[in-house]
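*Asks:* Take a look at this one; I'll ask things after.
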Amino acid sequence: MLEKLRELGIRDDLIDEIKKFRESYPAEKSYEARIPKLEQFYYGKDVWEQAITAILCGQNLLLVGHKATGKNLFAENLAGVFMRPRWDVSFHVNMDAASLIGMDTFRGGEVTFRPGPVYTAAKTGGFTVLDEINMAKSEAMAVLHATLDFRRTIDVPGYERIELHPATRFIATMNYGYSGTKELNEALVSRFAVIQMPMIAKESLIKLIRKNSPAIREDAAEELAALFLDLQKKCENAEISSKALDLRGLLGAIDLMEKGLDIHTALDMGIANKSFDPYEQTLIRDTIQARISRKIQRKDVFRKKS
């Protein structure tokens, strides 16, 4: 992964600091399987340098942005670059403090403490990804205030008070305007360094498509990237909802094409059908057809296997 950072133009002094961090805090053998492997890579030099600097300074991160800006991918990449085991917490209405820290359970004829993801990451120096933090109930997040600020502790009611491992970091993600989301309170936001995640640039999107599907032709990758940006512009102009602006859906559609599925059927499955409104589906399909001809075939998209 460090080679990828060099290719991106990340400063050498930051890369050297990452190496020192890895050497100072080697991951426990039993948790090495939780260290993310590089499958997809986030392309964005400025965002990388901001995040690396904040983590090296001991700060937690809040990644804020619209859908399809790569927040979760970037959080995974950060854990991989720093060689830290990763725990994911996806917030929902039933998530409470016990789900985060841990709870009592009955085992072997006695009551014992079953640690939650935040507790385990705190003890082992892991990176915890707090996904969709603005969907969390206030009482669930209140328990993390002492964990996220300068105290860096967790008080486990009835058990112990633990100090966070020096390598422990929390990376929260937050989308705008989703149903069930709310504004974060100032006390919580103040505990994070906030990064505004930009919409993906065309060059970076082409790299991502080609990385995901090495057999794709360069001109086809450019057209599919342009299609995604067309949909993005329509979302910004409120012509369509953000349901079709699905980067995972686009990459999944390309995989379906490569397996032999009709190009437009694959794009329907990955993009157009994400909306359940017939009128919006028509607008999305019109946008697709304006870029991708109905006559296009698999051989026009992918190179022949040698």
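*Asks:* Kindly indicate whether R161 is within 17 Å of P115 (Cβ to Cβ), basic (K, R) and open to solvent by 80 Å² or more (accessible area, probe 1.4 Å). Before the answer, list the steps.
*Replies:* Values: within 17 Å of P115 (Cβ to Cβ): yes; basic (K, R): yes; open to solvent by 80 Å² or more (accessible area, probe 1.4 Å): yes.
Judged against the criteria, R161 is a match.
*Asks:* Same structure, new question: Take the residues in region 270-295 that are buried (at least 16 other Cβ atoms within 10 Å of the Cβ) and hydrophobic (A, V, I, L, M, F, W, C), then tell me which one is nearest to K67 (Cα to Cα).
*Replies:* Across region 270-295, the extreme among qualifying residues is I271.
*Asks:* Identify, by number, the condition in (1) at pLDDT 95 or above; (2) aromatic (F, W, Y); (3) in contact with a Lys or Arg (Cβ under 8 Å, 6 or more places away or on another chain) that W48 doesn't meet.
*Replies:* Against the list (1) at pLDDT 95 or above; (2) aromatic (F, W, Y); (3) in contact with a Lys or Arg (Cβ under 8 Å, 6 or more places away or on another chain), W48 comes up short only on (3).
*Asks:* Restricting to region 224-273, give me the number of residues that are under 11 Å from I288 (Cβ atoms), charged (D, E, K, R) and touching a Ser or Thr at 6+ places or on another chain (Cβ under 9 Å).
*Replies:* Summing the residues that are under 11 Å from I288 (Cβ atoms), charged (D, E, K, R) and touching a Ser or Thr at 6+ places or on another chain (Cβ under 9 Å) in region 224-273 gives 1.
*Asks:* Those residues that are hydroxyl-bearing (S, T, Y) and part of a helix (DSSP H, G or I), I need them from region 133-173; list them, please. It would help to see each step written out before you state the result.
*Replies:* First pass over region 133-173, keeping only residues hydroxyl-bearing (S, T, Y): 138, 147, 153, 159, 168, 173.
S138, T147, listed by residue number.
*Asks:* Of the residues I271, I200, I206, I263, only one is at pLDDT below 90, within 26 Å of E39 (Cα to Cα) and β-branched (V, I, T); which?
*Replies:* Values: I271 fails: at pLDDT below 90; I206 fails: at pLDDT below 90; I263 fails: at pLDDT below 90.
Only one candidate passes the filter, namely I200.
*Asks:* Which of the helices (runs of 4 or more DSSP H) found entirely inside region 224-306 contain at least 3 residues meeting this: closer than 19 Å to P198 by Cα?
*Replies:* Values: elements: 247-258, 263-270, 278-291, 298-301.
The helices (runs of 4 or more DSSP H) meeting that bar are 247-258.
*Asks:* V129 is checked against (1) among the aliphatic types (A, V, I, L, M); (2) buried (at least 23 other Cβ atoms within 10 Å of the Cβ); (3) in a helix (DSSP H, G or I) and fails just one. What number does that condition carry?
*Replies:* Exception for V129: condition (3).
*Asks:* Within region 106-126, track down each residue that is polar (S, T, N, Q) and either in a helix (DSSP H, G or I) or crowded, with 17+ Cβ neighbours inside 10 Å (or both).
*Replies:* Keep residues of region 106-126 that are polar (S, T, N, Q), which gives 112, 120, 124.
Result: T120, T124.
*Asks:* If we keep just the residues of region 70-94 that are surrounded by 19 or more Cβ atoms within 10 Å (Cβ to Cβ) and closer than 23 Å to N185 by Cα, which is farthest from the chain's Cα centre (by Cα)?
*Replies:* F91
*Asks:* Determine whether L245 is more than 30 Å from S138 (Cβ to Cβ) and under 19 Å from the mean Cα position of the chain (by Cα). Break it down stepwise before answering.
*Replies:* Details: more than 30 Å from S138 (Cβ to Cβ): no; under 19 Å from the mean Cα position of the chain (by Cα): yes.
So L245 fails the test.
*Asks:* So is I254 buried (at least 18 other Cβ atoms within 10 Å of the Cβ), at pLDDT 90 or above and of a type outside the set (F, W, Y) or not? Step through it out loud before you land on a result.
*Replies:* Values: buried (at least 18 other Cβ atoms within 10 Å of the Cβ): yes; at pLDDT 90 or above: yes; of a type outside the set (F, W, Y): yes.
Taking the combined requirement at face value, the residue satisfies it.
*Asks:* Could you list all residues from region 36-55 that are buried (at least 17 other Cβ atoms within 10 Å of the Cβ) and either in the same structural domain as P214 (by the TED database) or among the β-branched types (V, I, T) (or both)? Reasoning before the result, please.
*Replies:* Taking region 36-55 first, the residues buried (at least 17 other Cβ atoms within 10 Å of the Cβ) are 36, 41-44, 47-48, 51-52, 54-55.
Listed by number, the residues that qualify are V47, I52, I55.
*Asks:* Name, by its number, the condition in (1) of a type outside the set (V, I, T); (2) in the same structural domain as Y42 (by the TED database); (3) part of a loop (DSSP other than H, G, I, E, B) that does not hold for A187.
*Replies:* All conditions are met except number (3).
*Asks:* Now for a separate question. Checking I195 against (1) modelled with pLDDT under 95; (2) within 30 Å of Q59 (Cβ to Cβ): exactly one of these is not met. Which one?
*Replies:* Just one mismatch for I195, condition (1).
*Asks:* Restricting the search to region 56-69, which residues are assigned to a loop (DSSP other than H, G, I, E, B), open to solvent by less than 50 Å² (accessible area, probe 1.4 Å) and closer than 15 Å to L130 by Cα?
*Replies:* N60, G65
The values are calculated or read from the model by the stated rules, or taken from the named source; none is laboratory data. Since the structure is predicted, the reported quantities are computational estimates derived from the model, not experimental observations. In this analysis, Cβ positions are derived from the backbone assuming ideal geometry, glycine residues included, and neighbour counts consider all displayed protein chains. What goes into the accessible areas is simple: the full protein's heavy atoms, side chains included, and nothing from ligands, DNA or RNA. Shrake-Rupley method; radii C 1.70, N 1.55, O 1.52, S 1.80 Å.
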